[in-house]
Amino acid sequence: MTDQLQRAHQGEVQARVAIGKQNFQQGKYSDAMQSFDKLLTLSYCDAACQKEVKGLDATSLWNVGKDQLTNACSMAVTTYQRLDKDFADTTEGKNAHNALKQPQNVTGHFVNDVPDRHFTRMSLVKGLRGHMTSDQMFSLWDHTTLKTDMNANGDFTFTGIPQGNYDLLWYQNVNGTEHVAFRYNDLTLVPLHHANVGPLCPVDVGTVNA
């Protein structure tokens, strides 16, 4: 490589780093990330360049992900997964790895529209199926620890739910008489109300009709 070409490459690297840093300082994290991403693909971004730029890129990507958590959580999942995969040796990559494993909250609103029923509690269970017997449903209710009270207006919140797919099963106890119920598709027997808890994003199951 000629000295002239080497100087040109060094100048390009310095210019791209400067542009990326300027965008970062202005809060334009996505633009900064694009600059740093491009730098990491250049064959003449040597070991020292790679080390500096990788750290800057990880920090930019982390800030992009934090913004997405508030405005577009599903996009944040992809961003955090990239941090976990491509920047595992950085602080941001390790933080993303930990964040992706955290439990999430589940919320919803219950409409108690069945005559003579006064459901007051909600649970998250696995294995519900249409045509189950009362004993089978009560077994699921009794063995789950994921239960919460419904507010007077029907709102309910589960806090810190491990990631996984759950069915909703609701409960009442009126003068010592207990009852559990759920809704399912008459053809497939699959429960209609689910909570699919994944990484990063809280889950709103919407309106649950008794």
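Only the coordinates and a few stated rules stand behind these numbers; no lab work does. Note that the coordinates shown come from a computational prediction; the quantities given were computed from them, not determined experimentally. We place every Cβ from the backbone using ideal geometry, glycine too, and count neighbours over all the protein chains shown.
Odds and ends about this structure:
- Candidates in the stretch 3-55 are the residues that are more than 30 Å from the chain's Cα centre (by Cα) and either acidic (Asp, Glu) or on the phi > 0 side of the Ramachandran plot (or both); of these, the one that is surrounded by the most Cβ atoms within 10 Å (Cβ to Cβ) is Glu12.
Let's see how each residue does on (1) in contact with a Ser or Thr (Cβ under 6 Å, 6 or more places away or on another chain); (2) in a helix (DSSP H, G or I); (3) buried (at least 16 other Cβ atoms within 10 Å of the Cβ):
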residue: Lys94; (1), (2), (3): no, yes, no
residue: Asn105; (1), (2), (3): yes, no, no
residue: His109; (1), (2), (3): yes, no, yes
residue: Asp113; (1), (2), (3): no, no, no
residue: His118; (1), (2), (3): no, no, no
residue: Leu140; (1), (2), (3): no, yes, yes
residue: Phe156; (1), (2), (3): yes, no, yes
residue: Gly160; (1), (2), (3): no, no, no
residue: Asn173; (1), (2), (3): no, no, no
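- The listed residue being part of a helix (DSSP H, G or I), within 21 Å of Cys201 (Cα to Cα) and free of Cβ contacts under 8 Å to residues at least 40 places away in the same chain, out of Gly55, Gly65: Gly65
- Only one entry of Asp149, Asp135 meets the criterion of being among the acidic types (Asp, Glu) and more than 28 Å from the chain's Cα centre (by Cα), and that entry is Asp135.
- Of the residues screened, Pro191 is one that is touching an Asp or Glu at 6+ places or on another chain (Cβ under 6 Å) and either under 17 Å from Met132 (Cα atoms) or not small (Gly, Ala, Ser) (or both).
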